[in-house]
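Asker: This is the structure I want to talk about, given as C-alpha cells.
The values are calculated or read from the model by the stated rules, or taken from the named source; none is laboratory data. Because the structure is predicted, anything quoted here is derived from the model rather than measured. Reconstructed Cβ throughout: ideal geometry from the backbone, glycine too, with neighbour counts over all protein chains shown. In case anyone asks, the SASA skips ligands and DNA or RNA and just uses the protein heavy atoms, side chains included. Shrake-Rupley method; radii C 1.70, N 1.55, O 1.52, S 1.80 Å.
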Amino acid sequence: MEIMKRLVREEEGQGMVEYALIAALISIVALSVLTPIGTQIKTKFNQILVGLGGTEVK
C-alpha cells in the first residue's frame, strides 16, 4: 500500500510521459518531412541511371 501512495505522490512518471509525447511528435514531424524528400531523391537517382544507360529502379 505504501508503494501505491508513493507512486501517486511522485511526479516523475508524468515527466516521462511528457518526454514520450514529445519524442512521438518529433518522429511524426520528421517522417512527414523526410518522406517527400526521399521520393525526390529516388526520382533524381532514377533520372541519372537512365541517363547513364541503366534501367530504372522501382
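Asker: Of all the residues that make up region 25-58, how many are open to solvent by 80 Å² or more (accessible area, probe 1.4 Å), over 14 Å from the mean Cα position of the chain (by Cα) and among the hydroxyl-bearing types (Ser, Thr, Tyr)?
Answerer: So the count comes out to 2.
Asker: Any residue in region 41-58 that's of a type outside the set (A, V, I, L, M): show its pairings with residues that are open to solvent by 100 Å² or more (accessible area, probe 1.4 Å) at Cβ separation under 8 Å, as long as the two are six or more apart or on different chains.
Answerer: Asn46/Glu56
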